[in-house]
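The values are calculated or read from the model by the stated rules, or taken from the named source; none is laboratory data. Just so it is clear, the structure is predicted and the values come from calculations on it, not from any experiment. Every residue, glycine among them, receives a Cβ derived from its backbone with ideal geometry; neighbour counts consider all protein chains shown. Side chains are part of the model used for accessible areas, which takes the heavy atoms of the whole protein and leaves out ligands, DNA and RNA. Shrake-Rupley method; radii C 1.70, N 1.55, O 1.52, S 1.80 Å.
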Protein chains: 2
Amino acid sequence: MSDPLNLVFGALADPNRRQVIGYLSERGTATATELTGELPMTRQAVAKHLATLAGAGLVESERRGRETRYRLTETGAEWDDRLDALVRHLRRRRV
Amino acid sequence: MSDPLNLVFGALADPNRRQVIGYLSERGTATATELTGELPMTRQAVAKHLATLAGAGLVESERRGRETRYRLTETGAEWDDRLDALVRHLRRRRV
DNA sequence: ATTGTATGCAACCGACAGGTTGCATGTTAC
DNA sequence: GTAACATGCAACCTGTCGGTTGCATACAAT
């Protein structure tokens, strides 16, 4: 499944990953451990989601000292905007 | 998984289903049996994909005589446009 | 009425995704 | 140097997804 389209849509298909994108959009940057406090799952699960998002090019990571901070890539930020627009669109149509 | 966002992204995550959307966009309407000729899978598999797309509100069906014809909904057509735009966008960025 | 075509339904199967636990490793603080 | 913290890695479990086969049903044509 190396087609970028598959990777992007596959990454966005999971609601938890979309929420991670939302969190990163709000806060700019976060670690897997920090995000664990916001989601009902273990740190390792969050780390897997971040790896999936990174594989799709929506998120990038940088190791600083003992922690790894994640942030949205430009593409990821664009998708966050698209998602917001889509939600507004669906609300408008009352779907 | 009843959130419309999940349904839409889940439906679009599969490349075969995106291809079905493309075919329906070109031809306007098709039956499961017709689409089977274009995809490397059985009619029942195609029918399942169409059911998934219908569940996400991207496709609608109408039974006429002994065949069931499928066409894109307005939402589905919009998504076909968004996909085209996305592909062009990715190409432009050489991703 | 019988035959061919199109669909629908259900059971089944292999693969993978999401999640967990357990442990090893690296890094900071004291 | 030792304790605490953050991460990474691997094995494992379970449910779902994409796909198949087999069969029953509905409609059309002759």
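Distance from a point 7 Å along Cα→Cβ of A:ASP84 to each backbone N in region A:40-78: keep the residues under 14 Å and list them by number. In region A:40-78, the label zone of A:ASP84 (backbone N under 14 Å from the point 7 Å along Cα→Cβ) covers A:76-78. Among the protein heavy atoms of chain B, carbon and sulfur supply 47% of the accessible surface, probe 1.4 Å, non-protein parts ignored. For A:ARG27, what charge total do you get from the other residues with a beta carbon under 11 Å from its beta carbon, if Lys and Arg give +1 and Asp and Glu give -1? In short, -1. How much net charge surrounds A:THR52 when only other residues with a Cβ under 11 Å from its Cβ are counted (Lys, Arg +1; Asp, Glu -1)? Value of the local net charge: +1. Eigen-decomposition of the gyration tensor built on the alpha-carbon atoms of region A:4-92 gives equivalent ellipsoid semi-axes of 22, 14, 13 angstrom, largest listed first. Model label sites at B:GLN44 and A:GLU62, defined 7 Å from Cα along the beta-carbon direction, differ in position by 5.4 nm. Applying the criteria of a DSSP loop state and at most 14 other Cβ atoms within 10 Å to the trypsin sites (Lys or Arg not before Pro) of chain A yields A:ARG66, A:ARG93, A:ARG94. Chains B and A together bury roughly 1900 Å² of accessible surface, counting both sides and using a 1.4 Å probe on protein heavy atoms. Solvent exposure of the protein assembly as shown, expressed per residue, is 57 Å² of accessible area, with all protein chains present and a 1.4 angstrom probe. Stokes-Einstein at 4 °C, 1.567 mPa s, Kirkwood radius from Cα pairs: D for the protein assembly as shown in µm² s⁻¹? In µm²/s, the coefficient is 72.
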